[in-house]
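Values quoted throughout were computed directly from the atomic coordinates according to the rules given, and no laboratory measurement underlies them. None of the values given here were measured: they were computed from a predicted structure. Neighbour counts run over all protein chains shown; Cβ positions are idealised from the backbone, glycine included.
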Amino acid sequence: MSAYTALRPSRSVFVPIRLYRYHVRLWGQPGPRPPLVLVHGWMDVAASYQFMVDALSHDFFKDRLIIAPDWRGFGQSTGPACDHYGFADYLGDLDGLLDHFCAETPADLVGHSMGGNVAMMYAGARPGRIRRLVNLEGFGMPATRPTQAPARFAKWMDEIKGLQRGEQALKTYDEAAGVAARLMKTNRRLPQAKADWLAQQWAEPRTGADGATRWHIRGEAAHRITSAQLFRVDEMLALYAAITAPTLVVEASDDSMDVWWQRRFTLDEFHERLQSVPQCRRTTLPDCGHMLHHDQPDLLAREVEAFLAPL
């Protein structure tokens with residue numbers, strides 16, 4: 001199979017955001033149309049959106065700036081050493097990025113998985129900054145109880161100590177082909193050509209002290225640390241209720257939540273929460289899993305275009 005070639009190659013810029021040197025991929029040019037901001041999920045990178053960007057129509061793409069950051073601790077973004085990450089920091093980073101790229105113009109915001117959760121929270125906290133909102137499989141977390149707090153804080157402290165001992169270290173690979181194989185194992189629908197392309201974005205070769213070169217995931221092991229804070233459904237519902245942007249929730253035909261949460265949090269529960277979003281509709285893409293922007297980039301591009309097109 002021939003290698004995947006990006007039809008619309010991105011260009012990279014680095015932006016100072018809250019003590020970090022943020023790597024941001026840009027497509028297109030600023031114009032009269034609202035900027036489109038794409039935020040990726042956990043253990044992913046901004047380049048993950050390349051297939052969807054390539055599938056956008058010419059009419060939608062022209063006169064529009066598309067902005068996709070590598071979240072702190074992912075991809076090529078760099079900053080202070082950190083032993084854990086929290087959602088509040090993603091919100092602050094996103095606020096700084098919008099200040100930099102589109103301070104005067106409400107943006108269209110698309111988020112996948114963890115990025116979808118951040119996008120929903122941000123749209124509730126800063127409703128005037130988002131024109132339209134698209135959430136790709138960003139479900140939130142299972143409900144918690146206050147009585148879980150002592151054990152949660154203890155687990156957080158234990159995992160930080162484990163991180164210092166190297167217990168959370170991410171797997172490395174002999175070559176890029178091993179990274180591609182890992183991506184295809186995680187996503188059975190991902191073809192070899194796209195896996196090979198993504199492997200070069202998702203990981204990088206590094207030479208160790210022993211002189212050996214191995215491929216390392218572009219993500220910090222500290223992202224594996226459990227959040228010290230419990231997920232509070234009442235707070236999330238208040239953020240949902242404060243969203244003023246028309247909102248589209250796009251789900252995959254495969255129910256990943258059933259695998260992740262073992263019925264501790266279900267799609268039905270998520271749909272109940274969505275009733276708090278004032279202007280929200282849902283759609284499901286066929287024949288795809290959680291990485292729906294990899295599995296069905298053309299269908300996803302059509303859904304995003306149709307939803308964002310009204311100006």
Can you compute the equivalent ellipsoid semi-axes for the range 142-238, i.e. the square root of 5 times each eigenvalue of the Cα gyration tensor, sorted largest first and rounded to whole Å? 34, 20, 9
For the residue pair Leu7 and Glu204, what label-to-label distance in nm results when each label sits 7 Å from Cα along the Cα-to-beta-carbon direction? 2.9 nm
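Over the chain, what is the relative contact order in whole percent, taking alpha-carbon pairs under 8 Å and six or more residues apart?
Numbers: 583 pairs, mean separation 63.9, N = 311.
Averaging sequence separation for qualifying contacts and normalising by length gives 21 percent for the chain.
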Helix-only [θ]222 nm of the chain, DSSP H runs n ≥ 4, -39500 (n - 2.57) each, per residue, nearest 500: -10500 deg cm²/dmol
With no solvent and one equal point scatterer placed on each C-alpha of the range 200-248, evaluate the Debye formula and give log10 I(q)/I(0) for q = 0.27, 0.31 Å⁻¹, two decimals. -0.99, -1.10
Work out, in µm²/s and without decimals, the Stokes-Einstein translational diffusion coefficient of the range 176-311 at 37 °C, 0.692 mPa s, Rh from Kirkwood over C-alpha pairs. 181 µm²/s
Expressed in angstrom and ordered largest first, the alpha-carbon extents of the range 226-268 along the principal axes are 32, 30, 17
Search the structure for amide H atoms under 5 Å from the amide H of Val134, placed 1.01 Å from N in the peptide plane, and list their residues when 5 or more places away or on another chain. Leu109, Val110, Gly111, Leu248
Subtract the Cα-Cα distance of Phe14 and Ala103 from 0.36 nm times their separation in residues, and report this length gain in nm to one decimal. 30.3 nm
Rg from C-alpha atoms of the range 247-287, normalised by the globular rule of thumb 2.2 N^0.38 Å, equals 1.22
Expressed to two decimals, the range 47-106 has a Cα Rg over Rh, using the Kirkwood radius, of 1.04
Give me Glu251, Glu272, Glu305, Glu159 sorted ascending by neighbouring Cβ count inside 10 Å, so fewest comes first. Glu272, Glu305, Glu159, Glu251
Inter-probe distance in nm under a simple model that places probes 7 Å from Cα toward Cβ, at Gln262 and Asp287: 3.3 nm
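As a test of understanding, state the convex hull volume per residue of the chain from its alpha carbons, in Å³.
Values: hull volume 42.5 nm³, N = 311.
Taking only Cα atoms, the chain has a hull volume of 137 Å³ per residue.
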Tell me, in nm to one decimal, what length is gained between Ser276 and Ala181 on full extension, where the rule is 0.36 nm per residue of separation less the Cα-Cα distance? 30.2 nm
Based on Cβ point charges of +1 for Lys and Arg and -1 for Asp and Glu, what charge dipole magnitude is obtained for the range 148-220 about its Cα centre, in debye rounded to the nearest 20? 360 debye
When the Kirkwood radius is taken over all Cα pairs of the range 62-138, what Stokes-Einstein diffusion coefficient follows at 37 °C and 0.692 mPa s, in µm²/s? 249 µm²/s
Restricting to lysine pairs 8 or more places apart or on different chains, what number in the chain have Cα atoms under 24 Å apart? 5
Expected output is a single nm value to one decimal: the length gained when fully extending between Trp156 and Arg21, i.e. 0.36 nm times separation in residues minus the C-alpha distance. What is it? 45.9 nm
The Rg/Rh figure for the range 68-191, Cα atoms and Kirkwood Rh, to two decimals is 1.02
Highest-fluctuation residue, Gly41, Gly138, Gly86 considered, GNM on the chain with Cα pairs under 10 Å: Gly86
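Please give the charge dipole size of the chain, origin at the Cα centre, charges +1 on K and R Cβ atoms and -1 on D and E Cβ atoms. Round to the nearest 20 debye.
Around 320 debye, computed over the chain.
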Please give, to one decimal in nm, the separation of the simple spin-label points placed at Ala149 and Arg126, each 7 Å out from Cα toward the Cβ. 2.9 nm
